[in-house]
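Q: Below is the structure I would like to discuss, written out as structure tokens.
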Amino acid sequence: MFTEVLFDGVVIGRLSKSSLSGFSMFCERHGLRSNHHRDNKQIEFMPALRKHTIDLSTSNPKLSPSIKRVKEDLYGGLESFGFSVRLDSDLSIKPDLIIEFHHRKEVSDEYALLIEYHSSLDIKFKNYLNKELKLDTRSTQFKKSHQDKHDVPYLVVKIPTPYERENDFMNLISEGLTRAILQYYTDQHTTSTVPYLPLDLQKHWLKNLLEGYTKDAKEEPKVDKKEVKSKVENPKNDRKESVESQAFSPPPTQTQKETKAEGFFDYTVIPPEPEDEDNEYLINGSFIIKNTGTATLENPIICIKKDPVNSVDFSGKIVPPSMVDTMSVQNQSGGTGWRYVYDDWMKKVKDKGEYWIAPIQAMEIPPGTEEGLRNFQIVLRPSAETTNIAIDGFIYLNQGKHRFPSNNRIAFSF
């Protein structure tokens, strides 16, 4: 008995009943959503980002053709990854995000693009926008809006026109907005990279997987009864042939697998607003482990070390060892994510400025792939006593036999 498989409304293959559960779980772990229509013997997989609605609007119909093109390119880019995108809707159905486009009259030497944002906008989203909208030689200026036009997060993107190399400049804006939105909403669903593929490639990937599941077994080779009879009657001849073949066969070659890894910080710094009294710098980042060797890396240990010891506050989705069962994200095989290695982890932070972190479940990193401690936050408060701050990362493997320092560090001088 087979079940018909659809992706985003299009039939792409079929699955046997025995393969359905495992295949569905595999797809869900990679960020796809599923809907099983048992009466019709169909199961439909939908892109993870389909549930998010983005509304693009222009309050001024007389915007320049360049700004209108940014809006159109952003629409096409978001739609290609599975977002539900609307143009100038009446907001009767609330979207997840509203983006308005306006013309900017004044441009400073430091800033080109101005983005006004709703006070409820997630700081992580703002970090992605700041990271991706590095335009030309100028930065993007962010300004918190005190007028809540809508009760959902929104951005007001003010674009200067005319602008030198205007075509390239507009492309950077639409591409930067697409990348920031894609990263933020994908991180909410899964650590898989599948949602980063356009829908046509997701469909192609899923279709190829189905072909592997449903491929008919190859026909078994036919047995020559005369040959079998000959070997039964003359077993010595068979052994002789086997010995001779072994004698003239070259010895098998064994290659030594190399344990090698690279670690690096991928981060964004958000400086304090001029009106902020706390004068705090926010760092949103990830520590990535890449397997650059030929051996599979198993259960890496990460050490994040800050200097001076009391210079910054570090936090992330990391749970104490005693609270793994209650605080970690649970799946069918138990808790997932990251934990502190030691029960007295706070003492090690206080005494040495070291955060020792390990995966909750067994982790394997095959050659050429990467894993990471993602979406951590660091809060830094400059003071007269602290003028230089450094944060380093280290990777430990095979019970500490292999140690790899990170390729970069997070450093500040005041």
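The values are calculated or read from the model by the stated rules, or taken from the named source; none is laboratory data. Keep in mind that this is a model prediction, so the values were computed, not measured. Note that we place each Cβ from the backbone using ideal geometry, even for glycine, and neighbour counts take in every protein chain shown.
Q: Can you tell me which condition residue 368 does not meet? The list is (1) in a loop (DSSP other than H, G, I, E, B); (2) surrounded by 14 or more Cβ atoms within 10 Å (Cβ to Cβ); (3) at pLDDT 90 or above, and all the others hold.
A: (2)
Q: Quick one: would you say residue 267 is touching a Leu at 6+ places or on another chain (Cβ under 9 Å), modelled with pLDDT of 70 or more, crowded, with 16+ Cβ neighbours inside 10 Å and aromatic (Phe, Trp, Tyr)?
A: So residue 267 does not fit the description; no.
Q: Any chance region 46-55 includes a residue that's among the acidic types (Asp, Glu) and in a strand (DSSP E or B)?
A: Yes, because at least one residue in region 46-55 is among the acidic types (Asp, Glu) and in a strand (DSSP E or B).
Q: Output the residue which, of all residues in region 382-401 that are under 19 Å from residue 282 (Cα atoms) and touching a Lys or Arg at 6+ places or on another chain (Cβ under 7 Å), is surrounded by the most Cβ atoms within 10 Å (Cβ to Cβ).
A: Only one residue tops the list, namely 391.
Q: Select from region 402-414 the residues that are crowded, with 17+ Cβ neighbours inside 10 Å and aromatic (Phe, Trp, Tyr) and write down the one among them that is modelled with the lowest pLDDT.
A: Looking at residues that are crowded, with 17+ Cβ neighbours inside 10 Å and aromatic (Phe, Trp, Tyr), I get 412.
Q: What single numbered condition from (1) farther than 30 Å from residue 161 by Cα; (2) out of contact with any Ser or Thr (no Cβ under 6 Å at 6 or more places or on another chain); (3) polar (S, T, N, Q) fails to hold for residue 80?
A: (1)
Q: Assuming residue 396 fulfils every condition listed in (1) touching a Cys at 6+ places or on another chain (Cβ under 8 Å); (2) farther than 24 Å from residue 344 by Cα apart from one, which condition is it?
A: Failing condition for residue 396: (2).
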